[in-house]
1. Give the residue, chosen from A:G113, A:G120, that is within 14 Å of chain B (Cβ to nearest Cβ) and touching a Lys or Arg at 6+ places or on another chain (Cβ under 6 Å).
2. Give me the pairs: first residue in the stretch A:231-248 and surrounded by fewer than 16 Cβ atoms within 10 Å (Cβ to Cβ), second residue among the basic types (K, R) and not in a strand (DSSP E or B), beta-carbon distance under 8 Å, and six or more apart or on different chains, which are they?
3. Got a number for residues in the stretch B:383-412 being within 14 Å of chain A (Cβ to nearest Cβ), among the charged types (D, E, K, R) and buried (at least 24 other Cβ atoms within 10 Å of the Cβ)?
4. Does B:A113 qualify as being among the hydrophobic types (A, V, I, L, M, F, W, C) and in contact (Cβ under 8 Å) with a residue 60 or more places away in the chain?
5. Just need a number here: residues in the stretch B:36-60 that are buried (at least 16 other Cβ atoms within 10 Å of the Cβ) and either within 14 Å of another protein chain (Cβ to nearest Cβ) or outside any loop (DSSP other than H, G, I, E, B) (or both).
6. In the stretch A:138-155, what residues are within 28 Å of A:L44 (Cβ to Cβ) and either surrounded by fewer than 20 Cβ atoms within 10 Å (Cβ to Cβ) or within 14 Å of chain B (Cβ to nearest Cβ) (or both)?
7. Tell me, which residue of the stretch B:539-568 that is outside any strand (DSSP E or B) and more than 14 Å from chain A (Cβ to nearest Cβ) is surrounded by the fewest Cβ atoms within 10 Å (Cβ to Cβ)?
Amino acid sequence: MSTGTDGAPVVELGTPLVGGSTHRTAGQGTQGLAGTDLDRPERLAQVRSGELGSLHSWELVTAVDGPGTRLTVFLAGCPLRCLYCHNPDTLEMRRGTDVTADELLKKVARYRGVFRATGGGLTLSGGEPLMQPAFVARVLRGATEMGVHTTLDTSGFLGAAATDAMLDDLDLVLLDVKSGIPDTYTRVTGRELAPTLEFGRRLSDHGVAMWIRFVLVPDLTDARDNVEAVADYVSTLSTVARVEVLPFHQMGRDKWDELGMRYELGDTRPPTPELVERVRDQFRARGLEVH
Amino acid sequence: MTITEIPAVATDETAWDGFTTGPWTESIDVRDFIQRNYTPYLGDASFLAGATAKTLRTWETLERDYLAVERERRVYDVDTHTPADVDAFPAGYISADDDVVVGLQTDTPLKRAMMPNGGWRMVETALKEAGKEIDPEVKRIFTQYRKTHNEAVFDMYTPRIRAARSSHIITGLPDAYGRGRIIGDYRRVALYGVDALIAAKNADKDSIADQPFSESWARYREEHAEQVKALKKLKRLGESYGFDLGRPARTFQEAVQWTYFGYLASVKSQDGAAMSIGRLSAFFDVYAERDLAAGTLTEELAQEVIDALVLKLRIVRFLRTVDYDQIFSGDPYWATWSDAGFGEDGRPLVTKTSFRLLQTLRNLGPAPEPNITIFWDPKLPAGYKEFCAAISIETSAIQYESDQQIRCHWGDDAAIACCVSPMTVGKQMQFFGARVNAAKSLLYAVNGGRDEMSGKLIVPGHEGVQGNEALDFDEVWAKYDAMLSWVTATYVEALNIIHYSHDKYAYEAVEMALHDDDIVRTMGCGIAGLSIVADSLSAIKYAKVYPVRDETGLVVDYITEGDFPVYGNDDDRADEIAALVVRTVMDKIRHLPMYRDAVPTQSVLTITSNVVYGKATGAFPSGHKAGTPFAPGANPENGMDTHGMVASMLSVGKLDYDDALDGISLTNTITPSGLGRTKDEQVTNLVGILDAGMGEGLYHANINVLSRETLQDAIDHPEQYPNLTVRVSGYAVNFVKLTKEQQLDVLSRTFHETA
């Protein structure tokens, strides 16, 4: 950003000015959503049926979790253990707050005017929302019935848990492809790459629109051939609307400390603008819309 | 007694040639003229012209010879011998060859004039601070021979007002400076010419000549005489620049020039806190369309004229004290220019000149003045909404108010005075009331009227909370309610005294000459600290709050255990408490006697006094620390609105406008990337956010699109950001002119990194 003596601050677009603003930390709690307090067997039954979900937080956000202004709901619990996770407090389901699908759908209904005005909708994020597939299915069904645009933000690792009926209720999936080389993927996440690739192909075949996200971490995911592998894969999918290259940031670091968890990327710097551009160009070379 | 018929003198065939006639040709009715003659513009910004060479030369001269010097020494110059008046100074120019619209407050750009009718002490302090010698003759006049507004007010102030003032539960009252917030209908000068206005005012004056004497009869006669004298001075002002303002304007350029002379006359004779200019674009556009059709005007020249006017509005200066600058963050004068919205008939009041006004921010770069205020409605033409959003993103220099709420209450020819105060132009004025500290009132309720900072008993007859048990919501609310009764009664008593004195000793003759004779007056009361009260009451209701007492038993802090909902996150539990506080204050104000039968109103707006109010106020159950700034206006507490900007807009939108007809202010800062990846996406999303907020009851939105890093860099390298504009609370300021404390306050506010 710069200013001349006679002009406005010139805003440079593309690269977030505040680190991680498009690869962001989860919201601040479930204020405004009534929690439940059931005994254990009853709770388990409701969780299985999808009547009850474990939520980390909600937020009304614009431009980051799909189009327009969206109610983004962060679900608690994730099977991956990404080294760079910026929301480690969403990793465990037990840290969430129990909220019923009906209660959440009431909130969705309340924001229909906001969604209409902004071209927004509902985004289920996490954590990994597909850890709670029955709850996700139920909420997506309810939102779709209201005519609300729906988005799922997922790593795809648990894609097998998404039924075709669930895919029918999805307008957009934000698919995190965290690396293109299987070994690198495992080093980053502690899990296998294959389920994600499989889920992406299924979404493509099913005609569900996707935004592909790739988190660029220096010395971890930035190798040229790792990026090439992701880009090659993405170029085989037919429903990808855009690719977002998200520069790594350190905004999640304090949370790791607070949770008493060991954080391995303490010395890692955010990628340089040149590196970000190199990676974006690798995707652009395949004719993809890249941000 | 309302006779505003235009005598025959106004019928100037050439001036009105081609206009559709109607009631406006028979009596003074600018709105009717606009409605019958304006052309809505539904297209986009592609027709606009850039700055002409003349515009750029003038701006460069101004920057090099005047603004750069002023930045160095705060005050460029002051005339210490000539008390200000409409015709007190000879003509002056920025650059005699290039001034497209002429007229300066004094004979030199940025040179300030003394306006001692408000009070001599303020003038003397300001002169000393500017390094100027006091002219003993002028001082003698205003201390021995001529009583001032300030002196009259203090002659009448009661003991309880003095106590409330000194303990800062009521501060910032317009008792030592001009009250402002009166918008003359400056368009009348252009449409009718001054001769017709004088004749109409004389006719009004004599319309009651046969009635028996009463004090209101005498005041009516005297005020009209003052108005006529002021209009004659306005005519002389025009003559000094070689114009005959006696007749109506005949061209677009004249319409702008005549209107500006009307405004100039008011800023030459009054230094009111807010000197807003009204709603001009559609009016000017009628003339522009006529001249464009006749081939006597081009788009370049039309833009040049609007640029020239805006340039003049950027160099209005008043002689202010350093203290005043600290309260108001620099040197604002709120030349608020209201635009857009809809007419009663459903046509948008968006014209090509609405675009030209926004274009000035590109042609001249961003600046705090004029305070461009868009009456927003989701149904405004898409091309205009997108242009507004684009300019907001580039400059952070625009504010938005809900057209629907304003139009439903005040009609389609209303304009904003200052930040959020709506009034029907030429038919309504406000008695500006600053604000009371609603947050400190809560602490007084707990402490039985003792001040939590000094320990002094300020409000006798109230029992505080006893013991050290957790506070009980119902008990605290009852005490707060009783305390608010005392505070509002004391406050309105002060306002009545102030406005009685102001009418008597610092009457705004030019501005009132450009009003109807029979007008609505509102008493614009206000509150500060709403979010703190809401959060603190929520803490008392939903968590456990224990008082912490000093050795004298004074509650000086609180220990809060447990979670509680906070205002600003679209949580009804907290938001309804905020709405209840606003309604409760308003109910109390409604039942108090008002000077001159004013209609009581309320605003939730702090300007930037949120910093000084915070300094004078103790710690709260919400966790708000003693001596720290309040959130501005109706904003949620800084950093507590954690569920996104739209959620905070929805919370603020729950405050009922009917309880705060003088406006509810929300200031938001979004980082650019928080609005989208590309400029187009950012524009679309900002439009969507404004549509969503206004659609859900939001009254006002100040939009900053800035990153924290930019502001931090501007603090460290102010020389690189001379024009960095930041919207603070219903108006904009030059960020680098803020005090360090205010800069840090802006930095500490919530930045929505995701909108």
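The values are calculated or read from the model by the stated rules, or taken from the named source; none is laboratory data. Note that the coordinates shown come from a computational prediction; the quantities given were computed from them, not determined experimentally. Cβ: placed from backbone, ideal geometry, glycine included. Neighbour counts: every protein chain shown.
1. Numbers: A:G113 fails: touching a Lys or Arg at 6+ places or on another chain (Cβ under 6 Å).
Matching residue, one of A:G113, A:G120: A:G120.
2. A:D232/A:R286; A:S235/A:R286; A:T236/A:R201
3. The number of residues fulfilling the criteria is 1.
4. yes
5. 9
6. Step one: filter the stretch A:138-155 for residues within 28 Å of A:L44 (Cβ to Cβ), giving A:138-145, A:150, A:152-155.
Those that are within 28 Å of A:L44 (Cβ to Cβ) and either surrounded by fewer than 20 Cβ atoms within 10 Å (Cβ to Cβ) or within 14 Å of chain B (Cβ to nearest Cβ) (or both): A:R141, A:T144, A:E145, A:D153.
7. From the stretch B:539-568, those outside any strand (DSSP E or B) are B:539-543, B:550-554, B:562-568; that's our starting set.
Going one step further and asking which of them are more than 14 Å from chain A (Cβ to nearest Cβ), we end up with B:540-541, B:550-554.
Details: B:I540: 27, B:K541: 19, B:D550: 11, B:E551: 5, B:T552: 8, B:G553: 13, B:L554: 21.
Only one residue fits best here, namely B:E551.
Here's the yes/no breakdown for (1) out of contact with any Gly (no Cβ under 6 Å at 6 or more places or on another chain); (2) within 28 Å of B:I559 (Cβ to Cβ):
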residue	(1), (2)
B:G464	no, yes
B:L471	yes, yes
B:Y480	yes, yes
B:T488	yes, no
B:Y491	yes, no
B:A494	yes, no
B:I497	yes, no
B:S501	yes, no
B:Y505	yes, no
